[in-house]
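Engineer: My structure is below; once you've seen it, I'll send some questions.
The values are calculated or read from the model by the stated rules, or taken from the named source; none is laboratory data. Just so we're clear, the structure is a prediction, and the values are computed from it rather than from any experiment. Cβ sites come from the backbone with ideal geometry, for glycine too, and all protein chains shown count toward neighbours. The area values use the complete protein model at the heavy-atom level, side chains included, leaving out ligands, DNA and RNA. Shrake-Rupley method; radii C 1.70, N 1.55, O 1.52, S 1.80 Å.
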Amino acid sequence: HMAERCGLFVIIALGESLIVAGTAVANDDRTADLVTAAAATLLVASLLWWTYFGWLKEDLEEGFAAVPADRLGPTARDAFSFTHFPLICGIIGFAVAVEEILLHPERPAETAVIVSLVVGIGLFIGASALACWRITRRVLTARLAILVATLAAVAGLADADTVWPLSVVAAGLLAIDVVE
């Protein structure tokens, strides 16, 4: 049940990130910038869900079930504690960035917000790849390469309207999901 429980933490954290986003816009006037940023936020959250639950969670469960009994403890520790903690922190980083983006959708995000977005997405995708490697010994090369390209593109768009960094993240996550 270890993989299943960690999957539940992931889905709860993703849901909480959407609550943060919803709270940020609950009492604001609906502007084109706000609606676009909110839609991009929802898309990114959905794609984060897909990158984890599309196939990875099941792969982690099956791989963990095949671990020899004498290696269960260390494998569980590494794959579900050491890697899922930064994964959840990545969702928190994403939520922090989204809250700030949605509070001020009409202007470019501050550097700290872009850093929070980049670090959050990097932790989520990187930690998921590390968990997969720890259990299956497969390196998710495409996932990691697309992640690096996506984060570099987001960093290059730091001065752009807030919807562009979110759109680039969405495109990168979609690319990961399609390739995998």
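Results for (1) in contact with a Cys (Cβ under 9 Å, 6 or more places away or on another chain); (2) closer than 25 Å to M2 by Cβ; (3) among the aromatic types (F, W, Y), shown as yes or no for each residue.
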| residue | (1), (2), (3) |
| --- | --- |
| L72 | no, yes, no |
| G90 | no, yes, no |
| L117 | no, no, no |
| I125 | no, yes, no |
| W133 | no, yes, yes |
| L166 | no, no, no |
| A170 | no, no, no |
| E180 | no, yes, no |
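Engineer: Checking I121 against (1) among the β-branched types (V, I, T); (2) over 22 Å from V148 (Cβ atoms); (3) touching a residue at least 12 places away in the same chain (Cβ under 8 Å); (4) not in a loop (DSSP other than H, G, I, E, B), only one condition comes out false. Which one?
Structural biologist: Failed condition: (2).
Engineer: For segment 74-119, give me each residue that is open to solvent by 60 Å² or more (accessible area, probe 1.4 Å), in contact with a Gly (Cβ under 8 Å, 6 or more places away or on another chain) and within 19 Å of W49 (Cβ to Cβ).
Structural biologist: Matches in segment 74-119: I92, V96.
Engineer: Do we have any residue at all in segment 82-95 that's of a type in the set (S, T, Y), over 18 Å from L42 (Cα atoms) and without any contact (Cβ under 8 Å) to a residue 24 or more places away in the chain?
Structural biologist: No, every residue in segment 82-95 fails to be of a type in the set (S, T, Y), over 18 Å from L42 (Cα atoms) and without any contact (Cβ under 8 Å) to a residue 24 or more places away in the chain.
Engineer: Let me ask another. Could you please find all residues in segment 42-82 being among the hydroxyl-bearing types (S, T, Y) and either touching a strand residue (DSSP E or B) at 6+ places or on another chain (Cβ under 6 Å) or at pLDDT 95 or above (or both)?
Structural biologist: S46, T51, Y52
Engineer: Moving on. It is to be established whether one or more residues within segment 128-144 are at pLDDT 95 or above and under 19 Å from L18 (Cα atoms).
Structural biologist: No, segment 128-144 contains no residue that is at pLDDT 95 or above and under 19 Å from L18 (Cα atoms).
Engineer: Would you mind finding the one in A26, A45, A21 that is open to solvent by 20 Å² or more (accessible area, probe 1.4 Å) and either of a type in the set (A, V, I, L, M) or in contact with a helix residue (DSSP H, G or I) (Cβ under 6 Å, 6 or more places away or on another chain) (or both)?
Structural biologist: That would be A26, the only listed residue that is open to solvent by 20 Å² or more (accessible area, probe 1.4 Å) and either of a type in the set (A, V, I, L, M) or in contact with a helix residue (DSSP H, G or I) (Cβ under 6 Å, 6 or more places away or on another chain) (or both).
Engineer: Let me ask something additional. Quick test for you: out of R71, R134, pick the one residue that is farther than 17 Å from F9 by Cα, of a type in the set (K, R) and surrounded by 19 or more Cβ atoms within 10 Å (Cβ to Cβ).
Structural biologist: Criteria check complete, one pass: R134.
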